[in-house]
1. Just need the relative contact order of chain A here, percent rounded to a whole number, with Cα pairs under 8 Å and 6+ apart.
2. Explain nothing, just compute: Karplus ³J(HN,Hα) = 6.51 cos²θ - 1.76 cosθ + 1.60, θ = phi - 60°, for every residue of the range B:20-32 in order, whole Hz, x for Gly and Pro.
3. Residue by residue through the range B:43-59, what is 3J(HN,Hα) from phi via Karplus (6.51 cos²θ - 1.76 cosθ + 1.60, θ = phi - 60°)? Round to whole Hz and write x for glycine and proline.
4. Which value, in debye to the nearest 20, describes the size of the charge dipole of the protein assembly as shown about its Cα centre when Lys and Arg Cβ atoms bear +1, Asp and Glu Cβ atoms bear -1, and nothing else is charged?
5. For a quick size check, give me the Cα extents of chain B along its three principal axes, largest first, whole Å.
6. Taking every residue in A:90-99, how many Cβ atoms of other protein chains lie within 10 Å of its Cβ, on average?
7. With r as the distance between the Cβ atoms of B:Glu69 and B:Glu42 and R0 = 35 Å, compute the FRET efficiency 1/(1 + (r/R0)^6) and round to 0.05.
8. Relative contact order of chain B, please, whole-number percent, based on alpha carbon pairs below 8 angstrom and at least 6 residues apart.
Amino acid sequence: EAGVAQSPRYKIIEKRQSVAFWCNPISGHATLYWYQQILGQGPKLLIQFQNNGVVDDSQLPKDRFSAERLKGVDSTLKIQPAKLEDSAVYLCASSLWVEGGAFFGQGTRLTVV
Amino acid sequence: GDSVTQMEGPVTLSEEAFLTINCTYTATGYPSLFWYVQYPGEGLQLLLKATKADDKGSNKGFEATYRKETTSFHLEKGSVQVSDSAVYFCALAGGSYIPTFGRGTSLIVHP
């Protein structure tokens, strides 16, 4: 079974630039999550999708972050414009059902300079 | 709001020692509880889970019991190996809960 695929693995951008991350979840998983993990901290949920609908985006900084999950399969997360404090690892995860636990991708390490 | 608190690391042990990593949570009801592990250079992996009070999750020799009365989900292993060296994250999710992770506890096991 293929795992959660994310790209790119690494990205370095200057502040005020824009960046996009892509995620392809495990086939058949209806729930998809985007997390932000700052060094030394646990993952923080940014947005949770159920199929192509948003379940929770209360912790997503909507003035600069956006995410979509067209057709209920793969998803993109965008930051525009980026700030220095956005430097983090962005994790995508998927699950069949929330109580069963999530499967994580390798993440994208973003450095904003 | 909901939160998860883990013991500070790093936890440093010799091989075959007993492991406990403490985890307590704050939530208004009964979320599902999880332990995830992140080995060096790899992504997070689900280690074990428990969906209701008094459930015991277990995997790869690790165990954790969902204690409603103490709002805890401590991770234990009877005999650790060098290969268990990793960062361990406690988390809660399910129902109306926003998935919430602790800060992680680093485990270092020496031969």
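1. Values: 286 pairs, mean separation 42.0, N = 113.
Value for chain A: 37 percent.
2. After applying 6.51 cos²θ - 1.76 cosθ + 1.60, I find 9, 10, 7, 9, 10, 9, 10, 7, 7, x, 10, x, 7 Hz.
3. x, 5, 10, 5, 9, 6, 8, 8, 9, 8, 4, 6, 5, 10, x, 8, 5
4. Numbers: 20 positive and 21 negative charges, 134 e Å.
Rounded to the nearest 20 debye, it is 640 debye.
5. Principal-axis extents of the Cα atoms in chain B, largest first: 43, 26, 21 Å.
6. 3
7. On the way: r = 35 Å, r/R0 = 1.00.
Once the sixth-power term is evaluated, E becomes 0.50.
8. On the way: 286 pairs, mean separation 40.8, N = 111.
Worked out over chain B, it gives 37 percent.
Taken together, the values in this text are just the output of simple stated rules run on the coordinates, not laboratory data. The shown structure was predicted, so the numbers you read here are calculated from the model rather than taken from an experiment. A quick note on method: Cβ atoms are made from the backbone with ideal geometry, for glycine too, and the neighbour counts reach across all protein chains shown.
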